[in-house]
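Working notes, beginning with the structure itself.
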Amino acid sequence: MTKLARPAKMKSLRELLEFVSTRARETGIPEASIRKLELAAEEALVNIFRYAYPQGSVGVVEVHCDTEAEDRMIVEFRDRGVAFDYRGLTEPDVHTGLEQRKIG
């Protein structure tokens, strides 16, 4: 397993994504899948930056990459920020048109 720890700030995003992409290429993951992995990693990291560490708080995010097999990899994000409690969310309204739905 390899890991990279950086400040939980937007300025760390590029380096953390490059770390994930490089490990994925070394593992033999196809480029099309790497693009999808980068998108998922970006979403997770930006959520950590924005919500786990509210403005003014300081924290670190770790990205762990573990090779399971020749063409498989587990990516794990670790931080000690504010936890996200999904139980407090209301169910999305999937019956209205996209243009009328709340963003997020």
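The values are calculated or read from the model by the stated rules, or taken from the named source; none is laboratory data. On a predicted model such as this, the values are computed, not experimentally measured, just so you know. Counting neighbours? That spans all protein chains shown, and the Cβs are built from the backbone with ideal geometry, glycine included. Protein only, heavy atoms only, side chains kept; ligands, DNA and RNA dropped before computing areas. Shrake-Rupley method; radii C 1.70, N 1.55, O 1.52, S 1.80 Å.
Among (1) assigned to a helix (DSSP H, G or I); (2) modelled with pLDDT under 95, there is one condition residue 36 misses while meeting the rest; what is its number?
So the condition that residue 36 fails would be (2).
Is it the case that some residue within the range 43-52 is assigned to a helix (DSSP H, G or I), of a type outside the set (A, V, I, L, M) and closer than 16 Å to residue 75 by Cα? Steps first, please.
Going through the range 43-52, the residues assigned to a helix (DSSP H, G or I) turn out to be 43-52.
When the remaining residues are screened for being of a type outside the set (A, V, I, L, M), the result is 43, 47, 49-51.
If we keep only those that are closer than 16 Å to residue 75 by Cα too, we end up with 43, 47.
Yes, the range 43-52 contains a residue that is assigned to a helix (DSSP H, G or I), of a type outside the set (A, V, I, L, M) and closer than 16 Å to residue 75 by Cα.
Would you mention how many residues in the range 58-94 are part of a strand (DSSP E or B) and open to solvent by 90 Å² or more (accessible area, probe 1.4 Å)? So that I can check it myself, show each step before the final result.
Pass one, the range 58-94, residues part of a strand (DSSP E or B): 60-69, 72-79.
Those still in the list that are open to solvent by 90 Å² or more (accessible area, probe 1.4 Å) too: 68, 72, 78.
Count: 3.
Just to verify a result, which residue in the range 15-57, among those that are without any contact (Cβ under 8 Å) to a residue 12 or more places away in the chain and more than 23 Å from residue 67 (Cβ to Cβ), is surrounded by the most Cβ atoms within 10 Å (Cβ to Cβ)?
The selected residue is 50.
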